[in-house]
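What follows is one structure encoded as structure tokens, with my remarks underneath.
The values are calculated or read from the model by the stated rules, or taken from the named source; none is laboratory data. Every value quoted in this text rests on a predicted model; they were computed, and no experiment measured them. Using ideal geometry, Cβ is built from the backbone for each residue, glycine included, and neighbour counts are taken over all protein chains shown. Each accessible area value is taken on the protein alone, full model and side chains, heavy atoms only, with ligands, DNA and RNA left out. Shrake-Rupley method; radii C 1.70, N 1.55, O 1.52, S 1.80 Å.
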Amino acid sequence: MTDTTTTLSAEEFYRLSGLVLNAMQRVIDGKPEAVAMALTVLLAEGHLLIEDVPGVGKTQLARALAKSLDCSVSRIQFTPDLLPADITGVSIYDQTTREFEFKPGPIFANVVVGDEINRASPKTQSALLECMEEHQVTVDGATYRLASPFTVIATQNPIEMEGTYTLPEAQRDRFMARISMGYPDAASEVAMLRDREQRSPLDDIEPVVGVDGLQAMIAYVHGVFVSPAVEQYAVDLVQATRRDPDLRLGASPRATLQLARAARARAALDGRDFVLPDDVDALAVPVLAHRLIATGRVASGGASSRASVPDVLARIVAATPVPLGAGR
Amino acid sequence: MNALVRRGLLLGAMLVVAGSFHGLLQGIGWLFVVGAALLLVASVGAVVGALVRRAGWAVAAQIAALVLVVTLFFASGPALFGIIPTFGSVDALVVLGQHGVESIRAQGTPAEATPGIVFLLAAGLGAVAIVVDLIGVALAVPALTGIPLLVVAAVPSLIQPSLDDPVLFALLAAAYLAVLVTRRGRRTRAVAVAVGASAVVAALVLALVLPPVAPDTPPIGAQTGLSANPIVDLGADLRRPDPTTAFTYTTDADRPLYFTLTVLDDLDGQQWAIDDGADLDGDLSRIGPVPGRPADAAVSSVRTSVRMGAIRDIWAPSPWAPWSVQGLTGTWGFDPDTLGVRGTGSSISGQKYVVKSDIARPTRESLEAAPAAGSGFDEQLALPDGLPAVVADTAREVTADADTRFDKALALQSWFRGGTFRYSIDAPSSGGYDGSQANYVAAFLAQKAGYCVHFASAMAIMARTLGIPARIAVGFLPGTVSGTSGGTDTYTVSTDDMHAWPELYFAGVGWVRFEPTPGRGVLPSFPIASTPGSTSAPTSTPTSSSTASPRPTASRPTDGTPEERANADAAAAALRTLGRVLAVLGIVLAAILVLLVPWGVRRVRRGRRLAHPDDPLGAWRELGDSAFDLGVDRVAGETPRAFGERIAPSLDAAAVEALVRVRGAVERAAYAESGAAVEPADVRGVIAGLRASATRARRLRASFAPRSLVRDRPAE
């Protein structure tokens, strides 16, 4: 547990973020990008969607992030019979006080881990997504604010399975970023075998940053400078997705906003107090790809159709001129 | 397809450039020949370029095509199947080229488009077209095509400023801009200025070093019938636009010959007159003795076969001085005073005759040493009645620095040819002093414009005021080579070649020809010849004997009178050689200057961009341009960091560190709230690192043909 103040210096921010990253990386072997992405989304006050096949450590990542922070964490296992009230909480009649008393659901936590979100019914999904967007819960006419900071780390299985309800595009848009874990490389996998035979590495994680510290870090990220050139570049990129003939659905203005926010967090984690176009480039696929829909031509275009949207994005990133300074 | 369009536009631009020569040359027939060569070069380039990717093949094919078409047009005789060049055709082309050069020198504008000139134009513009094609299509820097295009297009208007043709210029500019548009990249203004400026500088330098062309010389015509006193109507003759062949000749002389019809030495009060009443001597096999020529004078004997054209005349043109004329039909005799061969009641039209002549080859020493003429030259020293004093005064003024009589004569000749006088067949008639009236010499000296009669008359009279006996000869210039058989050149003399020149008498030498008329001859080459001056080259004309297909009929180099021979004046020869060397050096220097312009622009630009450490963005652009010059292509949508990562592998450790520093400063300057300074030495270090890793060819290209000057946007 570290002492924090409300305004951080660059050094302090860098030290704190280093602590969190180190803690997480002890659990998640060989996936520094996924770890960094998770922290980036957290600091940018976004929500993260981890999409991958079962057993590659999606939940592990979410829990590692949660455990390295000294804050409230809840975990929801989504199942087809999960009801909205199981997430938001319910009002229960208290016979002693003769009043309805609100029992907060698991959504009232700083970090909410939603496992296999696509197994829940659409109704339950949308209840969660509304909370994500509005940072509040309304039950029986009363509105309850969610914790701050608040982030949802949801996992889903990309392969259509029986009894799953794929998130519709409009709801995927609520997530700031989508990442996939990918399989670990051979060395990491061997190391994992050795380490985890006895006990879960999660047990070793000590919380390194508290709520105050986290909020200070978030405030620091807010202060990261985004030059007009980079703003323009982000807008150019997003607008290019709307014009591209290979994309049926382009990115929303919300995407632009979240792209800039995520870029701030990434720049801060990289030790800079200003955003580079490189930050935007690096975040284009995680932040934008899940919001885009390829045209049928691309989506069904042969063997590589799975990677088509990231390919299109990569092409757009490569083709969009990078403004150099304010003058150009 | 883009290349095809650009080739088409470049062809159009080259045709416009060729068209810009129209004011310098008569007729438009030459334009078809040149245009055909250009079209062929462009077509071959397009076809081969479409078939083979490598640029070298297209250029090689274009050069081959140009050689073939030039051979076909200009040297098909000695060529295999009329088109495959042989050594013979190469020789023929070389000779033709020399004729062309002489022809350009000798003629005023608009000049007769002799085969020599057309050959030079076709070969030269064809070569330029290949270069333009190479620059514009293969090297893909269309902006640079402006340099050769503008340089060549500027030549005609620099030779004759009145030729500035706004329509042609607009066409050329439009074609050039269209070529530029075929590239979507934008030229920077600096490049535009550099291209324009270097083109103008190059054209100016070229105009300074190229041989001068007499300005404002209108086409020369002559009437077909010559009168008994040819000088009387010479001006009117020269203004007639229907020249025909006067005669053709072959000779064993080692150089072309002047032909004398007759000599006028009698200033009959006001007018140069023919001594009509002289008794003719009928024995044409023993003409002589030569008046005024000592027995021991150095001469060379020549034998000349003349075939007259359909002109009516009573005089038989002969190289002076003839001693035997054979083959004439009718009644002919010679005037013992002038040795003019004249018919009585017989016309020279259509006659064939052989004339043997002794042509004087006086040495310069003998001329310098010539004493004052003795008695017996009263007639040749007589001045016209009422000659204004200004004539004698001017003669004294002009020759004030000359010691000997010969030097005085040379001084007079140089004065006339020195540039203050203008050859014009129109000025005298409008100025009211046309004709041969000796009195008009004052008006001519004031007006400083006239034609051969005026120059000859003025120089003769001025020489007389200085005590040098003088007379006027009337005859023909040597004409042009119109064919070759058995190693002997056949010359064709046109009525255009009619001429008058002064002859001055030097004791111990005889009558010596001078050539004061500018524009109808090259500058006199005294050094070689002991006979001064008279380095008159003829204007050439289409002749009836020309074959229909283009054949070498260019004018013959005539640097010197036929009488000129050995005993060269070494100093003057060296001077002339020096002049040529200087001209060549000038051209080479101009070419080098033009070639160095991109290098200079690039250098200045680099210095400017690196001059401000607080402007890392300028430094970054410089780094990007330098890398681009060295073969690192631009990539659209690349961040400074990505660019740095791309070039870092080719740098050594120190350069990589410098690169990281520069990149950091650039990123701060471009994207952070507060900027950062960049160390120019770091930028130069990175550039040096890039250079070190590039090939030699790349480095050369980066230095002297930096492509960043013409492409400052990433390739699409």
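Okay, here's what the table says:
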| quantity | calculated |
| --- | --- |
| Filter result for residue A:233 (of a type in the set (Phe, Trp, Tyr), in contact (Cβ under 8 Å) with a residue 24 or more places away in the chain and over 16 Å from residue A:14 (Cα atoms)) | yes |
| Meets criteria (more than 29 Å from residue A:316 (Cβ to Cβ), in a helix (DSSP H, G or I) and under 56 Å from the mean Cα position of the chain (by Cα)) for residue B:648 | no |
| Failed condition for residue A:305, given (1) at pLDDT below 90; (2) open to solvent by 30 Å² or more (accessible area, probe 1.4 Å); (3) within 14 Å of chain B (Cβ to nearest Cβ) | (3) |
| Candidate set: region B:26-55, residues that are more than 19 Å from residue B:16 (Cα to Cα) and among the β-branched types (Val, Ile, Thr); chosen: the one modelled with the highest pLDDT | B:44 |
| Cβ-Cβ under 7 Å pairs, at least 6 apart or on other chains, region B:678-692 side farther than 19 Å from residue B:667 by Cβ and among the basic types (Lys, Arg), far side part of a helix (DSSP H, G or I) and open to solvent by 20 Å² or more (accessible area, probe 1.4 Å) | B:691/B:699 |
| Condition check for residue A:261: at pLDDT below 85 and either assigned to a helix (DSSP H, G or I) or within 10 Å of another protein chain (Cβ to nearest Cβ) (or both) | no |
| Number of positions in region B:596-629 that are open to solvent by 40 Å² or more (accessible area, probe 1.4 Å), within 14 Å of chain A (Cβ to nearest Cβ) and assigned to a helix (DSSP H, G or I) | 2 |
| Matching residues in region B:630-648 - criterion: being open to solvent by less than 10 Å² (accessible area, probe 1.4 Å) and either more than 8 Å from chain A (Cβ to nearest Cβ) or aromatic (Phe, Trp, Tyr) (or both) | B:644, B:647 |
| Flag for residue A:229 being open to solvent by less than 30 Å² (accessible area, probe 1.4 Å), within 14 Å of another protein chain (Cβ to nearest Cβ) and outside any strand (DSSP E or B) | yes |
| Qualifying positions in region A:308-326 - within 7 Å of chain B (Cβ to nearest Cβ) and either open to solvent by less than 20 Å² (accessible area, probe 1.4 Å) or modelled with pLDDT under 85 (or both) | A:320, A:324, A:325 |
| Matching entry among B:233, B:275, B:313, B:237 (being under 27 Å from residue B:355 (Cβ atoms) and modelled with pLDDT of 70 or more) | B:313 |
| Tabulated pairs, region A:273-291, first part of a helix (DSSP H, G or I), second open to solvent by 10 Å² or more (accessible area, probe 1.4 Å) and of a type in the set (Val, Ile, Thr), C-beta under 6 angstrom, 6+ apart or interchain | A:277/A:322; A:281/A:317; A:284/A:317; A:286/A:179; A:289/A:309 |
| Breaking point among (1) surrounded by 13 or more Cβ atoms within 10 Å (Cβ to Cβ); (2) at positive phi, for residue A:55 | (1) |
| Top-ranked residue in region A:271-280 [being crowded, with 24+ Cβ neighbours inside 10 Å and within 20 Å of the chain's Cα centre (by Cα); ranked as nearest to the other protein chains (Cβ to nearest Cβ)] | A:275 |
| Residues satisfying the stated conditions in region A:84-107, i.e. buried (at least 21 other Cβ atoms within 10 Å of the Cβ) and assigned to a loop (DSSP other than H, G, I, E, B) | A:105, A:107 |
| Filter result (charged (D, E, K, R) and at pLDDT below 85) within region B:596-613 | none |
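Rundown of residues vs (1) within 14 Å of another protein chain (Cβ to nearest Cβ); (2) of a type in the set (Lys, Arg); (3) under 17 Å from residue B:606 (Cβ atoms); (4) surrounded by 15 or more Cβ atoms within 10 Å (Cβ to Cβ), yes/no style:
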residue	(1), (2), (3), (4)
B:656	no, no, no, yes
B:661	no, yes, no, yes
B:665	yes, no, no, yes
B:670	yes, no, no, yes
B:681	no, no, yes, no
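Per-residue answers, yes or no, for (1) surrounded by fewer than 22 Cβ atoms within 10 Å (Cβ to Cβ); (2) at pLDDT 80 or above:
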site: B:82; (1), (2): yes, no
site: B:94; (1), (2): yes, yes
site: B:102; (1), (2): no, no
site: B:106; (1), (2): no, no
site: B:112; (1), (2): no, no
site: B:116; (1), (2): no, yes
site: B:132; (1), (2): no, yes
site: B:157; (1), (2): yes, no
site: B:160; (1), (2): yes, no
